[in-house]
Structure formats: structure tokens, C-alpha cells
1. Residues that are in contact (Cβ under 8 Å) with a residue 40 or more places away in the chain and hydroxyl-bearing (Ser, Thr, Tyr): does the range 164-172 have at least one?
2. Give the residues of the range 106-124 that are touching a residue at least 40 places away in the same chain (Cβ under 8 Å) and part of a helix (DSSP H, G or I), sorted by residue number.
3. Which of the numbered conditions does Val143 fail, given that it passes all the others? Conditions: (1) in a helix (DSSP H, G or I); (2) surrounded by 13 or more Cβ atoms within 10 Å (Cβ to Cβ).
4. Look through Val160, Val102 and report the one residue that is of a type in the set (A, V, I, L, M, F, W, C) and under 25 Å from Phe58 (Cα atoms).
5. From the list Val131, Val116, Val102, Val156, which one is among the hydrophobic types (A, V, I, L, M, F, W, C) and farther than 26 Å from Val30 by Cβ?
6. Is it the case that Ala154 is in a helix (DSSP H, G or I), surrounded by 13 or more Cβ atoms within 10 Å (Cβ to Cβ) and not assigned by TED's automatic domain parsing to the domain that holds Val30?
7. Across the range 1-24, what is the number of residues that are away from the ligand (no atom under 12 Å from the Cβ) and assigned to a strand (DSSP E or B)?
8. Between Glu85, Glu39, Glu56, Glu62, which is farther than 16 Å from Ile7 by Cβ, modelled with pLDDT of 85 or more and not in a loop (DSSP other than H, G, I, E, B)?
Amino acid sequence: MSQEWNIKSRGHVCSICQKPLVDKSPVVSVLKALPDGYERQDCHPECWKTNPRDWEPFSQWEGVYQAPPPPDARKEPLKKETADELLRRLISLDDPAMKNVVYVLAVMLERSKILVERDAREQEDRTIIRVYEHRKTGEGFIVLDPRLRLENLADVQQQVVALLSGTKTLGEVSAGEENAQKNAEEKK
Ligand SMILES: [Zn+2]
């Protein structure tokens, strides 16, 4: 289960030639599957095209590189920051009971145009690994899509809202989700 959720920040130099990426210019981002996770590479499109390699990327997309803004421009309206901060925290906790919450939060961030989906890979058990990129920071979020059933979606959305509004703690939601998933298993 671990390593299915992951955050990969965008590099500021080309992974191939090691020269800086150029502000507002195209960049090729790839994820390379390693035995214990994924390695992210960001490259000049020319370098990616011309550099020979003996491996196939797990995932590949083209974006536009944006240089980091000066520190005082990084202050965002609090509410937007909270949702993507929560996603980072959940991903770094890597709690299997929270898989549905992580996925629904990522979808909410995609709908509010904070994240953009870059790739989706179906796995043998029909779950999907989705790769999202943060539009502003360029971070890549690797999120497991557990193929939630529609009848469970509203419950999970309520948990996300409770976390965002601070009416429930992460521990409370995690315990509730664990029970809900156990009950769903028993019903099968
Ligand atoms: Zn390069």
C-alpha cells in the first residue's frame, strides 16, 4: 500500500543536461518506476527527445515550467491553501484507512482547478493510479483511485468537509473510515 500515494516536487534544472528550466517554457515530466516507488524527472523537451534511454516511463506528460514566485507572493487565500495542505498531509501519513478520503479530496481539488490530472493507469485489481499535477507549484501527486461506489461517495465527501472545517480530527475520520471499510467487506 505504501508508495501508492506520493508527492513529487518539480525540479528546477533539467534532469538530463542539468541546466536550468526556463520560466514559462515547455517541460516534459516523467515518472520512472523503481522497485520502491517512483522517481520524477523534469526535462527540456529537446533533451528528452534526443537523449537515449533504455527504460520506459511509467507516466509522462508535458507542462509549462513556472519559476517559483518570490517569497512574499506565496501567500494564498487561507481556504484554498487548506485543502491542498490537507492533501499533502494525508499523502505523507500514508494511512490505508484514508484511501477514499485522499481520492475524493484530490478530485475536489481537480474540480476547483488547483490540480490537473496528467495520467491514469489501471492496475490488475481494477484500482487506478492517477497522477495529478499542482497547477501553481508543479508538484506531482500520485493518488490511488479505489473505484469508490457511488453510494459511498456522499459519506466520504462528508468526511472531507469535516476535516476541512475542523469539526473532526484526522484520527476520528481514520477510525470511522476503517470501520466503514470493514462493514463493506462483511457485506460482500
Ligand atoms: Zn536539458
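1. no
2. Met108
3. (1)
4. Val102
5. Val156
6. no
7. The total comes to 3.
8. Glu62
The values are calculated or read from the model by the stated rules, or taken from the named source; none is laboratory data. Computed from a predicted structure; not experimentally measured. FYI the Cβ positions are ideal-geometry reconstructions off the backbone, even for glycines, and counts take in every protein chain you see.
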